[in-house]
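Peer 1: There's a structure below that I have some questions on.
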Amino acid sequence: MTKRIGNKHEAQHRGKDERLDIRRTNIEREAVKQATARAKYRNQVKGQPPMNLSESA
């Protein structure tokens, strides 16, 4: 449940600058997540299980 201030939720009391700042940080955080996921699955073939390079042939 979100915090309430009087009748309104906390988010409704935020100013425009604060909302923009939160939006920017969320976008940056998501970009970091996407970059790590891309690095993890780079050069993978679709539909095949991930190759384990530590196994010996």
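No value in this document is a laboratory result; all are computed from the given coordinates. Quick caveat: nothing in here was measured; it's all calculated off a predicted structure. As a convention, Cβ positions derive from the backbone with ideal geometry for all residues, glycine included, and neighbour counts pool all protein chains shown.
Peer 1: Less than 14 Å Cβ to Cβ from Glu30, Lys/Arg counted +1 and Asp/Glu -1: what total charge do the surrounding residues give?
Peer 2: Result for the neighbourhood of Glu30: +4.
Peer 1: Whole-Å semi-axes of segment 1-48's equivalent ellipsoid, largest first, each the root of 5 times a Cα gyration tensor eigenvalue?
Peer 2: Ellipsoid half-lengths, sorted descending, are 37, 14, 6 Å.
Peer 1: Can you give me the distance in nm between label points at Glu30 and Lys3, each placed 7 Å from the Cα along the Cα-to-Cβ direction?
Peer 2: Using points 7 Å along Cα→Cβ, the separation is 2.4 nm.
Peer 1: If you don't mind, there's one more thing I want to ask. Please report the net charge: other residues with Cβ closer than 15 Å to the Cβ of Lys16, K and R +1, D and E -1.
Peer 2: Once all neighbours under 15 Å are counted, the net charge is +1.
Peer 1: How far, in nm, would the chain grow between Ala37 and Gln12 when pulled straight, counting 0.36 nm per residue and subtracting the alpha carbon separation?
Peer 2: Going from the current span to full extension adds 5.7 nm.
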